[in-house]
Amino acid sequence: MSVIQHTFSFLRRLGAMTALVGALSGCSQYSNRPGSVAFHNLTAKYNAYYISRNSLNEAEREIYKAYRDDYNQLLPILLPFDSVQAVKVKPQLEDAIKKASIVAERHQNSKWLDNSYTLIGKSRLYLGQWDDGQEALRYVFANGRDEDDKNEALIWLMRAYIARNDFSNALNVSEYLRQQSLTREATRDFYLAKAYLHQQRGEHLTAVAILEQTFPLLKKSLSTARLHYVAGQLYDRIGQYALANEHYRSVSRNRPSYDLAFNASMNSLQNQVLLNPRTDLTSVGFDRMLRDRKNNDLRDRIYYTMGLLAERREQYPQALDYLHRSIAVAGANTQQVPYTYLELARINYDRLDNYEAAKAYYDSALVVLPKEAREYRLVSDRKKALDEFVTQLTIVRTEDSLQQLAQMNPVALDRKIDAIIEAEEEHKQQLLRKAQEALVASNNSAAGAGVPLGAGNERRWELYDPVLVNQGRMEFRRLWGNRPLEDDWRRTTKDNRSFASAGQEALAGPGQPQANPLAASAMTKGSPEWQARREELRRQVPVGDAAIAASMKREEDALYRLGKIYRFDLKESDKAVASFSRLLKDYPKTEYREELYYLLYLSLPEQDKTRSQWKDKLLAEYPGSTYARLLNQTPKASEDGAVTASTAPAKSYDKVYELYVAGNYSEGLAQVENALAQNQGGPLEDKFALLRIFLIGKVQGRDAYLQAINEFIRLYPDSSLLPRVQEMLEVTGQASVRRKF
């Protein structure tokens, strides 16, 4: 019996081993048997996929925590992909990719395969690996077996297209998803992605309408509070302030951060004043918020908002005061400062026509404004235009004043110069007094309770104002020259009378009061310093015909450039007309007369009765000029009355060029003039203009050739041919110099 029992036991073990081998052979990742699929589903979900998902969730939490919203900008509905921020969580993202790839390698028959590819795609998008990320998401859509998984992948693919500004493909994906049956979670994510798409396209009404459909699908959370804030901003953009306030009030009901709740309250208070213009600013809660110690680091934002409201009420001095206070209390928190400078610049530029002050504020804003800010390029362009504008305006004012001084008799001139010196000395003493007050206030603050400068209602320190800083810098250089940075620059051994009082401290004996280091005695009339300053100013006054002619030429050129800056850079046609008209009145024989007629015609509105007069003057005095040709262009009509244009500009150009090569310059010039009229605004206009330069040089000589070059430079400043034309002008000038010698 024992032998039989051992035999049966062996057979049972052999059968168990055989069954186990058979089971394992049936668990292949390429098998569709229920047991195999169940095994790989279980193994994939609770091993590789589980770890991958947790790694990605951790990375997303860290990215969200590190992101800082700029409440001066329209907040994005969805956080943008930022590969720089993703560097901090790169290990988690790479781990998510590695673990999710295990599912693709070992569990091909698992239902978690699609989800794993989606995790890979999302992780690569965060890392900035756009092509690989989109390829993984497209694979899910093309080969996925679960419709919900395919829809999730498409939503993220849509976000990838938005991030790359590929709005056409994003809209195509959106249209496909709109027709699918989505789960509640997928519907929420799709609505947010679609709203974000329209926000990025500047379609604020559509974006906020989609957001309204999304809110019922959201739970109370910080992200929901943020979306309510974005909805309020979008309603603000389209002028629906009452609807905006509803969402700003909803922010506080959805667990917001303190900064988010604070900015929502600020915007809500601002809208209350807009909805009720008679509201007193002191009654809407600003004073209470300023007194709240929790808002100490946010007081700059409060003053900024008060400045905006005062400006909208056309209370410009009060608005400027609030904005100055905003900068004064900013301290180390500089996020708000560039936008406050921009508002100061805008008020001075748009409302007060104070271009010098606007330029100074634009300069200050560009120093601290982030380059990725939406306003940066506009501000940079405006600042460049104002730099040149202020330069030309200063020339006009200076030369105008000098010419008036040149007309005075010697006695009156001396009296006027003395008055100028007295005004300069008074201004210098004012600056010194302000510096002394600032020094005393600083010392008192250091010795006292440490109240921050600019807090409350005390006078603001002038060094917070870039306009005053620039004025002080120019005044210092005018009085003391451009001093090099060096040690011991206050030594009395230096040849510097302005700081002679600094040596008085050494002369004072023990117990004697020391001299004020900022004190500087004013020049007295008749002193050697006064006489030296008088002679310096007198030398600037143009004396003699040659000097006066040079001064008038500088003013003439500056007025011309000033008008063009008004017309083309600042887009202020009315002021351009005033500048051009003054130039023609003061300098009726100006060399720019031909172009001024053309620019005046373009700058005046069509309903202005004087507009046609400038066209008539141009055609009468300069009938063969380029500007006359531009104004006299009329479309040719066919026999049936329909207007036709050249259908083959390239062939026309080739024909004119053949005439030039063949030496038939007169016929070529006539045809190129006609071709320019027919191809105005076309892609070959500048090429025809360049060919015209060569033909004019052959037919009309050197002076006409130079004039044609200058006309090209003025009319086609953005042409790719401009460097070549400028080189032609330079070569012509050098040849002229060589001939003179």
Can you give the three extents of the C-alpha atoms in the range 43-185 along their principal axes, from longest to shortest, in whole Å? 50, 37, 28
Long pairs among 416/589; 98/219; 575/617, criterion Cα-Cα beyond 26 Å: 416/589; 98/219
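Rank these residues by their accessible area, most exposed first, probe 1.4 Å: 577, 87. Let's see the in-between values first.
Working: 577 25, 87 95 Å².
Per-residue accessible area, sorted high to low, gives 87, 577.
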Within 10 Å, count the other beta carbons around each residue, average over each peptide in 354-362, 387-395, and list them highest first. 354-362, 387-395
For the cross-link pairs 65/122; 615/698; 90/122, which exceed 24 Å when the distance is taken from alpha carbon to alpha carbon? 615/698
Could you work out the equivalent-ellipsoid semi-axes for the range 104-185, taking the square root of 5 times each eigenvalue of the Cα gyration tensor, largest first, in whole Å? 20, 17, 9
List, in order, the whole-Hz ³J(HN,Hα) value for each residue of the range 319-330 obtained from phi through the Karplus relation with A = 6.51, B = -1.76, C = 1.60 and θ = phi - 60°; use x for Gly and Pro. 4, 4, 5, 4, 5, 5, 5, 4, 5, 5, 9, 5
Tail weight of P(r) past 23 Å, computed on alpha-carbon pairs of the range 124-264, percent: 40 percent
Using 0.36 nm per residue, how much length does the chain from residue 702 to residue 219 gain when fully extended, once their Cα-Cα distance is taken away? 166.0 nm
Show 337, 367 ordered by accessible area, largest first, where the area counts protein heavy atoms only and the probe is 1.4 Å. 367, 337
Sort the range 278-364 into rounded, prolate or oblate with this rule: let a ≥ b ≥ c be the square roots of the eigenvalues of the Cα gyration tensor; rounded if a/c is under 1.5, and if a/c is not under 1.5, prolate when a/b is larger than b/c, oblate otherwise. oblate
Accessible area of residue 557, 1.4 Å probe, to the nearest 10 Å²? 20 Å²
Added length on full extension, which subtracts the Cα-Cα distance from 0.36 nm per residue, residue 658 to residue 620: 10.4 nm
Accessible-area order for 617, 371, 384, 99, largest to smallest, probe 1.4 angstrom, reads 371, 384, 617, 99
Expressed per residue, the solvent accessible area of the range 103-218 in Å² (1.4 Å probe) is about 45 Å²
Quick one: with all protein chains in place, what share of the accessible area of the range 215-340 is carbon or sulfur, to the nearest percent (1.4 Å probe)? 47 percent
Explain nothing, just compute: Karplus ³J(HN,Hα) = 6.51 cos²θ - 1.76 cosθ + 1.60, θ = phi - 60°, for every residue of the range 129-135 in order, whole Hz, x for Gly and Pro. 8, 5, 4, 5, x, 5, 5
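Extension gain residue 205-residue 406, at 0.36 nm per residue separation less the Cα-Cα distance, in nm?
66.1 nm is the gain from fully extending residue 205 to residue 406.
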I'd like to compare 178-189, 309-320: which one has the highest average count of other Cβ atoms within 10 Å, and what's the full order after that? 309-320, 178-189
Counting only protein heavy atoms, what percent of the accessible surface of the range 66-145 is carbon or sulfur at a 1.4 Å probe? 48 percent
For a quick protection proxy, order the peptides 194-204, 135-145, 119-129 by their average other-Cβ count within 10 Å, most packed first. 119-129, 194-204, 135-145
For residue 598, the net charge from surrounding residues (Cβ-Cβ under 15 Å; K, R +1; D, E -1) works out to +2
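The values are calculated or read from the model by the stated rules, or taken from the named source; none is laboratory data. Note that the coordinates shown come from a computational prediction; the quantities given were computed from them, not determined experimentally. Reconstructed Cβ throughout: ideal geometry from the backbone, glycine too, with neighbour counts over all protein chains shown. Calculation scope for accessible area: heavy atoms of the full protein, side chains included, ligands and nucleic acids excluded. Shrake-Rupley method; radii C 1.70, N 1.55, O 1.52, S 1.80 Å.
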